[in-house]
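Okay, structure first, notes after.
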Amino acid sequence: MKTNSVKVNKTAEMTKMALMVAMNCVSAYIIIPLPFSLSPIALQTLIVNLTGYVLNVKQGFMTMLVYILVGLAGVPVFTGGTAGPGKLFGPTGGYIIGFLFTVVFLAATRGEKYNFKRYALLGCIVGIPIIYLFGYVQLKLVTGMPWDKAFYTGVLPFIPLDIAKCAAAAFLAGPIHRIFDHQ
């Protein structure tokens, strides 16, 4: 009997991980280009936060690593349907690298029980800033633009919508937890 329970748990874990990889890939295509920025508004920050809210540290790390490796291998899963080392190590690739660290941090600090307020707050005050930090630094270093311009084009325009995406991810995490916790 215990063997069947272990198989069900492993299947649920793999299903959640595959679902989050797939959702991240799809969300990379949902963008709004900004004429003054190298980075578009993308739905990915919602999915990255959601991944950190519904997976444990190891699962979240592996999920984002698989996503990054798939894109690095040339499958067009990065923002706007791009791929390859040029994207990952180009001006906006730091945001993608930040996804990995954000998911790990959120999974490690979110707590054992679902809590909308805690999840949303963690995403807004720590998760999104981690993505911004990696993106901002790489944008500045690769382009050579001044720090203030990198901030005004690579961070500031994204804050309001990313706050909303943190709340949406925190909201969606509740039903996902309920679905998978009843397996």
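The values are calculated or read from the model by the stated rules, or taken from the named source; none is laboratory data. These figures come from a predicted structure and were not determined experimentally. Glycine also receives a Cβ, built like all others from the backbone with ideal geometry; neighbour counts cover every protein chain displayed. All accessible areas refer to the heavy atoms of the entire protein, side chains included, with ligands and DNA or RNA removed. Shrake-Rupley method; radii C 1.70, N 1.55, O 1.52, S 1.80 Å.
Tell me the Kirkwood hydrodynamic radius of segment 34-183 in angstroms, computed as one over the mean inverse distance between distinct C-alpha pairs.
Working: mean 1/r = 0.0644 Å⁻¹.
So the Kirkwood estimate lands at 15.5 Å.
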Below 8 Å between Cα atoms, with a sequence gap of 6+, how large is the relative contact order for segment 39-183 in percent?
32
Provide the convex hull volume over Cα atoms per residue for segment 125-173, in Å³.
69
Paramagnetic reach from Val8 (point 7 Å along Cα→Cβ, amide N under 13 Å) across segment 152-183:
180-183
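Can you give the alpha-carbon Rg of segment 1-114 over 2.2 N^0.38 Å, where N counts its residues?
Details: Rg = 15.2 Å, N = 114, 2.2 N^0.38 = 13.3 Å.
So segment 1-114 has a normalised radius of gyration of 1.15.
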Please report the carbon-and-sulfur percent of the accessible area for segment 53-183; probe 1.4 Å, protein heavy atoms only, DNA, RNA and ligands left out.
73
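Per the Kirkwood definition applied to all pairs of different Cα atoms, how many angstroms is the hydrodynamic radius of segment 48-124? All intermediate terms of the calculation are to be shown ahead of the outcome.
Details: mean 1/r = 0.0775 Å⁻¹.
With all distinct Cα pairs of segment 48-124 included, I get 12.9 Å.
Between Leu34 and Phe180, how high is the FRET efficiency from 1/(1 + (r/R0)^6) when r is the Cβ-Cβ distance and R₀ = 35 Å? Nearest 0.05.
Details: r = 36 Å, r/R0 = 1.02.
E(calc), rounded to 0.05, equals 0.45.
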Taking a probe of 1.4 Å, how large is the accessible area per residue of segment 4-64, in Å²?
49
